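Read the structure below first, then the notes.
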Amino acid sequence: MSKIDNIANDGFMIPVRDSGSPGLALLSLKIALKAYFTTYKSMKYSLHLFDNNNNIDQATIDANHNTYYCELCSETIVHFQHFIELICKDYLRAEHPLLAVDASTRPVILDKLLKNERVAPDDYENLKSLEFSTAFKRLCTLIEENRLW
């Protein structure tokens, strides 16, 4: 067995939302919110420095944006983006499985999905998921054209 297989076998599956688990999208949102609210703590509770009424020099303000603060900001941005991406794909997938994947290189699976035939979970998981920008544009276009909701 290859090293990749060993790593994969050591992993775990996140339960689907129907089982009461929050799912990966909500876990990403939780991580983003934790990071966001921790930024205050990382600055040692010095938000008063950013009040326009205080005449604090820019160097003092910059010094409070330490490395840990920057890490938390980055983590917030990445996980909020991940949350939005997963939610967009969930809405697209709920409308039709083909809207959330690129099945163009798998014609048999594409045909089955078009005809609403059963696709094996392994085959479906091997389809390439859409890039975030494509999923977001699809969702926005469908909403603008009153095709969703």
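Each value in this text was obtained by applying a stated rule to the coordinates, not by laboratory testing. A quick note: this is a predicted structure, and the numbers were derived from the prediction, not measured. Ideal geometry is used to build each Cβ from the backbone, glycine not excepted, and the neighbour counts take in all protein chains shown.
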Got a sec? How would Leu24, Leu47, Leu72 order by Cβ neighbour count within 10 Å, fewest to most?
Leu47, Leu24, Leu72
Rounded to 0.05, the calculated FRET efficiency for the beta carbons of Val108 and Leu27 at R₀ = 35 Å is 0.55
Ranking of Arg93, Arg106, Arg118 by count of other Cβ atoms within 10 Å, fewest first:
Arg118, Arg93, Arg106
Over the chain, the sum of -39500 (n - 2.57) across DSSP H runs of at least four, divided by residue number and rounded to 500 deg cm²/dmol, gives at 222 nm -19000 deg cm²/dmol
Cα-based Rg/(2.2 N^0.38 Å) for the stretch 67-109, rounded to two decimals, is 1.72
Angle in degrees between helix 67-95 and the longest Cα principal axis of the chain, rounded to the nearest 10:
30 degrees
Cα long-axis angle, helix 132-144 against the chain (0 to 90 degrees, to the nearest 10)
80 degrees
Of the convex hull drawn through the C-alpha atoms of the stretch 96-149, the volume per residue in Å³ is 89 Å³
Could you calculate the FRET efficiency of Asn55 with Ile77 from 1/(1 + (r/R0)^6), where r is the beta carbon distance between them and R0 is 35 Å, rounded to 0.05?
0.70
Can you tell which of Ala35, Asn126, His65 lies farthest toward the positive end of the dipole of the chain, using +1 and -1 charges on the Cβ of basic and acidic side chains (Lys, Arg; Asp, Glu)?
Asn126
For the stretch 21-95, would you read off the P(r) tail past 21 Å as a percentage of all alpha carbon pairs?
43 percent
Test of understanding: ordering Ile87, Ile143 by Cβ neighbours within 10 Å, fewest first, what list do you get?
Ile143, Ile87
